[in-house]
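The values are calculated or read from the model by the stated rules, or taken from the named source; none is laboratory data. All values reported here derive from a predicted model rather than from experimental measurement. A quick note on method: Cβ atoms are made from the backbone with ideal geometry, for glycine too, and the neighbour counts reach across all protein chains shown.
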Amino acid sequence: MTAARKLPELTAPVEDYLKAIYELEAGGGVAGTNEIAVALHIAPPSVSGMLRRLSRQGLATHEPYKGVQLTREGRRAALRTIRRHRVIESYLTRALDYPWDRVHDEAERLEHSASDELIDRMAAAIGEPATDPHGAPIPTREGTLTPEPLLETLAGLGEGATARIARVSDRDGGRLRYLATLGIAIGTRVEVVSREPFDGPIAIRIGARRRTIGTELARHILVAPIATKRQVRRG
C-alpha cells in the first residue's frame, strides 16, 4: 500500500475553513457560503475569496447548488486539525486537570501552532484516548475517523428509559458548567423519571439524585440508550 502523501503546513485561516466545512458536511448540512460564514462568525462576502484559494490548492471544490465539498486532501487536512484540537482538549483535562468547560478556547488557540509530533506525544502520554472530554471521537494520526455509534438526544427518550451520556458540544462553556452542576458528564448513567407535556421540563435520575432539565438543553445532549431487563423481556 502506498503511504499517504504528507500534508503541507497550512495557515490558521485555511485550517479553520477546512474544519468548518468538514463539520458542516458531517452534520448532514450543505457547506454553502452563508453556512460557512455563520460557522466562522464572518461576513459572507469574505468567504468567496478563501473558497477560490482552497480550490486552487486542491483542498475543496465549489459547485453551484451543491455548496462546498472537501477533496480527499482537504478532508485529511481537516481531520488533522480536528485531531490536534481534540488531543489538546484531552491532554488539558487528563494531564493538567482543566475543567471540561475551559479547554475548547485553549485548543482553538493551540491547534494551529502545535506540531504533529507534539500532538502524537501528548496523545501517547495520556494513553491514546479514543474520544475527547466531550465524547467526540479523535481522528488517528493517519487521518481516519472511526464511525460514531448511533446516538439519541436525551430529549428523545421516553419515561423509564435509561442511557449513558455519550457526547455534548464543547463550544458553550456556560452550558458545560451548568451540566457539571447537575452531575452530568461523559459516561454518566441517567434515567428519565418523568416528562411534562408540550416540551416541558424532564425529570431525570442520576445515581440517587433527581434533577430537572429543560427540553431544549436536553436536545443538545447525545446519549447511548441502555436496554433494561424489562425492555429486554418485552423485546
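Quick one: is His104 closer than 22 Å to Thr188 by Cβ, without any contact (Cβ under 8 Å) to a residue 60 or more places away in the chain and touching a helix residue (DSSP H, G or I) at 6+ places or on another chain (Cβ under 9 Å)? It is false that His104 is closer than 22 Å to Thr188 by Cβ, without any contact (Cβ under 8 Å) to a residue 60 or more places away in the chain and touching a helix residue (DSSP H, G or I) at 6+ places or on another chain (Cβ under 9 Å).
Of all positions in the stretch 89-97, at least one carries a residue that is assigned to a loop (DSSP other than H, G, I, E, B) and under 21 Å from Ser115 (Cβ atoms). Can you tell me which residue is surrounded by the fewest Cβ atoms within 10 Å (Cβ to Cβ) among those in the stretch 1-44 that are over 24 Å from Arg86 (Cβ atoms) and not aliphatic (A, V, I, L, M)? Among those that are over 24 Å from Arg86 (Cβ atoms) and not aliphatic (A, V, I, L, M), it is Thr2. The set of residues in the stretch 209-235 that are at pLDDT below 95, among the aliphatic types (A, V, I, L, M) and either assigned to a helix (DSSP H, G or I) or more than 22 Å from Leu150 (Cα to Cα) (or both) contains only Val232. Could you tell me whether Glu35 is among the acidic types (Asp, Glu), over 21 Å from Pro129 (Cα atoms), in the same structural domain as Met122 (by TED's automatic domain parsing) and modelled with pLDDT under 95? The answer is yes for Glu35. One residue is enough: does the stretch 3-18 have a residue meeting the conditions within 15 Å of Gly143 (Cα to Cα), of a type in the set (Phe, Trp, Tyr), in contact with a Leu (Cβ under 9 Å, 6 or more places away or on another chain) and assigned to a helix (DSSP H, G or I)? No, that holds for no residue.
It is to be established whether one or more residues within the stretch 186-200 are within 16 Å of the chain's Cα centre (by Cα) and either under 29 Å from Arg84 (Cβ atoms) or at pLDDT below 95 (or both). Yes, because at least one residue in the stretch 186-200 is within 16 Å of the chain's Cα centre (by Cα) and either under 29 Å from Arg84 (Cβ atoms) or at pLDDT below 95 (or both).
When we screen Pro139, Pro133, Pro129 for residues that are within 15 Å of Arg83 (Cβ to Cβ), in contact with an Asp or Glu (Cβ under 7 Å, 6 or more places away or on another chain) and surrounded by 14 or more Cβ atoms within 10 Å (Cβ to Cβ), the only hit is Pro133. Scanning the stretch 44-93 for residues that are among the hydroxyl-bearing types (Ser, Thr, Tyr) and in contact with a Pro (Cβ under 6 Å, 6 or more places away or on another chain) gives Ser90, Thr93. Of the candidates Val47, Val68, the single residue that is surrounded by 17 or more Cβ atoms within 10 Å (Cβ to Cβ), over 18 Å from the mean Cα position of the chain (by Cα) and not in a helix (DSSP H, G or I) is Val68. Checking the structure you have, find out if any residue of the stretch 161-168 is surrounded by fewer than 16 Cβ atoms within 10 Å (Cβ to Cβ) and in a loop (DSSP other than H, G, I, E, B). Looking through the stretch 161-168, none of the residues is surrounded by fewer than 16 Cβ atoms within 10 Å (Cβ to Cβ) and in a loop (DSSP other than H, G, I, E, B).
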